[in-house]
Amino acid sequence: MPAWLPFALIAPVLWAASNLIDEDLVRHDVRDPIILTAITGFFSGIAVIILATLGAFVWPGWNIFVLAVATGIIGLLVYIPYLHALALASSASVILMWNLTPVIIAGVAWVMLDERLLPQEYLAIGLLVASSLLAAYRRGHDGHHWSRAAPWMVLASFMYAGEAVLGKAVYERVPFAVGLAWISATSFLLAMLLLE
């Protein structure tokens, strides 16, 4: 069994749990997407403290610094449209609509990084698009329509795809801890600005 497999299996479980918590917060407790986004950014402070202790705050150069800052900003702000969507639709529907993200990442990677997919991966993209469209489509007593959460999730998908491509550019050029340190510090500082 590959060493990465347990992490690959644990990550979706944790993500699902966090989405259910987010939905509860949006609908019952905090409700304001900006405040919830800022709270999310404050959790980056934990990574900042750990990485600072490990000496990961090494100057990466201006190019990597700019990429890391952009990654941190987009990575935090993606929560705003996602939380708006959770206020309008169930967490299950929202997560299914977020299936557009890998499709957009594949498109951006093809254009910007010249990455090509295998034929079976194109089939996977078709299934992801279909599941997103089915989750966004509503049929009720007032006729057929698209979920009001769908535009928010399309925006979140594009933002998340941008974060993924920028993050890859950072992590390809510097050690993981160094890239994560600057990205986390950016998210933490942005969270403080959002609450002012």
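Brief remarks on what is shown
- The range 97-119 - residue that is on the phi < 0 side of the Ramachandran plot and outside any helix (DSSP H, G or I) and, of those, least open to solvent (accessible area, probe 1.4 Å): Trp98
- Any hit, the range 17-36, residues being touching an Asp or Glu at 6+ places or on another chain (Cβ under 7 Å), buried (at least 16 other Cβ atoms within 10 Å of the Cβ), of a type in the set (A, V, I, L, M) and touching a residue at least 60 places away in the same chain (Cβ under 8 Å): no
- Within the range 157-196, considering residues that are open to solvent by 60 Å² or more (accessible area, probe 1.4 Å) and either in contact with a strand residue (DSSP E or B) (Cβ under 6 Å, 6 or more places away or on another chain) or not in a helix (DSSP H, G or I) (or both), the one modelled with the lowest pLDDT: Glu196
- Qualifying residue in the range 166-176 (condition: of a type in the set (D, E, K, R), touching a residue at least 60 places away in the same chain (Cβ under 8 Å) and under 24 Å from Leu88 (Cβ atoms)): no
- Odd one out for Val154, checked against (1) among the β-branched types (Val, Ile, Thr); (2) at pLDDT 85 or above; (3) over 16 Å from the mean Cα position of the chain (by Cα): (3)
- Among the candidates Gly55, Gly75, the residue that is touching a helix residue (DSSP H, G or I) at 6+ places or on another chain (Cβ under 9 Å), in a loop (DSSP other than H, G, I, E, B) and at pLDDT 85 or above is uniquely Gly55.
- Filtered residues of the range 37-63 (kept if surrounded by fewer than 18 Cβ atoms within 10 Å (Cβ to Cβ), among the hydrophobic types (A, V, I, L, M, F, W, C) and more than 19 Å from the chain's Cα centre (by Cα)): Ile49, Ile50, Ala52, Leu54, Phe57, Val58, Trp59, Trp62
- Lone unmet requirement of (1) under 18 Å from the mean Cα position of the chain (by Cα); (2) surrounded by fewer than 15 Cβ atoms within 10 Å (Cβ to Cβ) for Trp146: (1)
- Flag for Leu9 being touching a residue at least 24 places away in the same chain (Cβ under 8 Å), part of a helix (DSSP H, G or I) and open to solvent by 80 Å² or more (accessible area, probe 1.4 Å): no
- Index of the failed condition, Gly126 passing every other in (1) surrounded by 16 or more Cβ atoms within 10 Å (Cβ to Cβ); (2) modelled with pLDDT of 80 or more: (1)
The values are calculated or read from the model by the stated rules, or taken from the named source; none is laboratory data. Every value quoted in this text rests on a predicted model; they were computed, and no experiment measured them. Glycine also receives a Cβ, built like all others from the backbone with ideal geometry; neighbour counts cover every protein chain displayed. For the accessible areas, the whole protein counts, side chains as well, though only heavy atoms, and no ligand, DNA or RNA atoms are used. Shrake-Rupley method; radii C 1.70, N 1.55, O 1.52, S 1.80 Å.
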